[in-house]
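Take a look at the structure below.
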Amino acid sequence: MPRRLFRLHTVPGRIRTLTACAVLAIAALFAVSAVALWQAREGLRAVGGVDGRTVIATADLYAALTDMDRQVTDVLLTGQERGWLCDGEAAEQTEAAEQVGDNGDNGESGEGGQSAAASPGGGVCDRAAARVLYEIRREAAQQAALAAARMADGDPVRLTTVRAVLEGLHEYDQRVQAAMELGRRADHPFGMPPPEAVARYRFATALMTEELLPGAYNLTMDGQTRVHTTYEQRRDATRAGLVLVTVAGGIAIAILLALQIYLGVRFRRVLNPYLVVATLGMIALTLAGASLLSSEARQLRVAKVGGFDQVLTLARAHAVGTNMDADRGRALLDPGNADRYDQMYLDKAKSLLYLPVTNLAGYDAGLDGRLDRYDGEAHGADFGGFYGAAARTIEVRANGAVAEREHLAALLTRYGTYQRVDRRVRALAAAGRRTAAARAHMDPATSTLPHPEFRAHDDRLTTLIARHQYLTDRTVRDGERAMTTWTWLLPAACLAIASLVVAGVRPRLAEYR
C-alpha cells in the first residue's frame, strides 16, 4: 500500500512524495531547533545557575578562610585577646545572675547597671567585634564547603577535600584558642605579643596557609573546570544547532518551492495560496530560529566571559588581597619569620598584578608607572595577574568597556595607594619600630580595623564583583526569557505550516479519486 501511494510515475505519487518530504523537513527543523534551544538553556543555567553559583561559593570559602586568619592576626597584633575569649553564653548567664541579684538588692544593678561577658580570667569583658566577624566567616566557610560537597556528585576526591577542610577548621579553632589564651595572660603591648603566643599562632596560620587554603583553592579550580567544560559543550552545540536549523529550514523551503512549481505547472495554477503562506512561514521561522540561536550563543559567551569568569577572577583576587594583608600582619607579629612572610606577600601581590620582579623593592619600583599608564586611555594593560586578566577581558569587549575600564582604573588606583602604605609599614619595621609599624598597618583612628586604604581597595573589589555578578544574572535572565516563548511558538508554528501544506495539496489529490 505505501508503495502505491508514493509511486513516482504517477502525478498523485509525486505530489504525495513531495508533501511527505516537506513535512519531514518541517519535523527536522522542529527537532534540531528544540535540541539547540535546550543546549543553550542548559549552558546558561550552568553559568548562572546552581553550578556557577556553587563555584562562586567555593571561591567564597577561600575568602572566608583568609578573612578568618586575618582577624586572628590582627587581634594578636593589637592585643585584643581578652575580648576574643569572651564567651557569649557566659555573658547571658552573667546577665541573668545579675538580674536575680538586683531583684534581691532593691533593684540596683552593679557597676553602673551594665552587664558584660565573663572573661576566662575572671571579671568582665566586652566581646571583640573581630571574634564576631570570625564566627560569621567561619559559618560562611562551612556553608560553602557543604555547597562544594553537594556539587561533588559522589566524587571521592572532592568529598575527601571537603572533609579535610571541615576537619581542619576544627583543629584551626583549637590552635587559635590556645594562642589567644597565651596572649591574654601576657597582657602584651601593641604589636608585640609574647613569644609563646606567637609560636602557637605560627602553628595555626601554617595549618591555614598550607592545608586549608590549598584545599579550598582546589575545590574552586575543579568546579571552574566543570563549568567551563559544560559551557564549551553547550555553546558548541548551540552554534552547531544554528547551522543545522539553517540547513533544515533551507531544505524545507526548497521542497515547498518545488511543490509549488510542480502544482503550478501540472495543474496550470499560478499560485497555491496555502503553499505560499506555508513557504513564507517557513522562511520566517527559519530566520527567527537562526537569529535566536545566534543571539543565545552570544548571550552565553557574555554571561561566561564577561560575567562568571570576571566574578570568579575578582573573587579570587579579593581573597588573595585579604590574605596578602594578613601576610603583612604575620611579618609584624612574627619578625623572626618576616623574610618568609615578605616572600609570601610578594607572591600574592604578583598574583594580583604580575610584574617580572624578584623582590618587593623591584615590585614597588615597577608598579606606579604601569598603573599611571593604564589610567590613560591610549594604553592597555602591560601587567599580568588577576587584574591583568580582567583588563584584557574588558579590552576585547565593545559594550560597556569604557565604564568597566573606569571602574578597574579606580580599583588599580586604590591598589597602588595601599601598596604605598605597605612600603611605609615595611620601612618602620626595618627600622626596628615594631609598635609604630603595627599601628601604621592598622586603622590609625581605631587601631583595631585594617588600614582605610586596604578597606577602600577591598570595597572597590566588592563593587566590581557585584557589577559583574549583575551582568551574569541579567544576561542569563534575558537569554532564558527570549527562549520562553519558543516553548509553545516552535511546535505551534511547525504544526501550522505542516497543516497548510496538507491543505494546499489535498484539493489536487482529490481530483484523482
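A few points about this structure:
- Counted by Cβ distance under 11 Å from Asp222, the other residues give a net charge of +1, where Lys and Arg count +1 and Asp and Glu count -1.
- Dipole magnitude of the chain about its Cα centre (Cβ charges: Lys, Arg +1; Asp, Glu -1), debye to nearest 20: 4700 debye
- Note, ³J(HN,Hα) from phi for region 67-73, Karplus 6.51, -1.76, 1.60, rounded to Hz, x at Gly and Pro: 5, 4, 5, 5, 4, 4, 4
- Per-pair calculated FRET efficiency, R0 = 41 Å: Glu181 and Ser294 via Cβ, rounded to 0.05: 0.05
- Computed from backbone phi with θ = phi - 60° and the Karplus coefficients 6.51, -1.76 and 1.60, the 3J(HN,Hα) list for region 214-223 is x, x, 5, 4, 4, 4, 5, 5, 5, x Hz; x is used for glycine and proline.
- Kirkwood Rh in Å, taken over all unlike Cα pairs in region 29-81: 14.3 Å
- Most positive-pole-ward Cα, Leu333, Leu360, Val402, against dipole of the chain from beta carbon charges: Val402
- Spin-label model distance (nm) - Thr446 vs Ala430, 7 Å beyond Cα toward Cβ: 3.1 nm
- Taking θ as phi - 60° and the Karplus parameters 6.51, -1.76 and 1.60, the scalar couplings of region 285-295 work out to 5, 5, 5, 5, x, 5, 5, 5, 5, 4, 5 Hz in sequence order, x denoting glycine and proline.
- In this structure the amide hydrogen of Cys86, modeled in the peptide plane, comes within under 5 Å of the amide hydrogens of Ala128, none closer than 5 places in sequence on its chain.
- Solvent-accessible area assigned to carbon and sulfur over the chain amounts to 56 percent, based on a 1.4 Å probe.
- Dimensionless Rg/Rh of region 238-344 - Kirkwood Rh, Rg from C-alpha atoms: 1.61
- Model label zone, Leu133; criterion: amide N under 18 Å from point 7 Å along Cα-to-beta-carbon; scope region 36-80: 60-80
- Listed residues His451, His457 arranged by accessible area, highest first, probe 1.4 Å: His451, His457
- The magnitude of the dipole of region 339-378, with charges of +1 and -1 set on the Cβ of Lys/Arg and Asp/Glu and taken from the Cα centre, is near 180 debye.
- Direction-averaged projected area, Cα convex hull, the chain: 36.4 nm², rounded to one decimal.
- Note on surface exposure: Ile26, Ile283 rank Ile283, Ile26 by accessible area, highest first, 1.4 Å probe.
- Annotation: peptides 51-59, 255-263, ranked by per-residue average of other Cβ atoms within 10 Å with the highest first, follow the order 51-59, 255-263.
The values are calculated or read from the model by the stated rules, or taken from the named source; none is laboratory data. Since the structure is predicted, the reported quantities are computational estimates derived from the model, not experimental observations. Neighbour counts run over all protein chains shown; Cβ positions are idealised from the backbone, glycine included. Quick note on the areas: whole protein, heavy atoms, side chains included, nothing else; ligands and nucleic acids left out. Shrake-Rupley method; radii C 1.70, N 1.55, O 1.52, S 1.80 Å.
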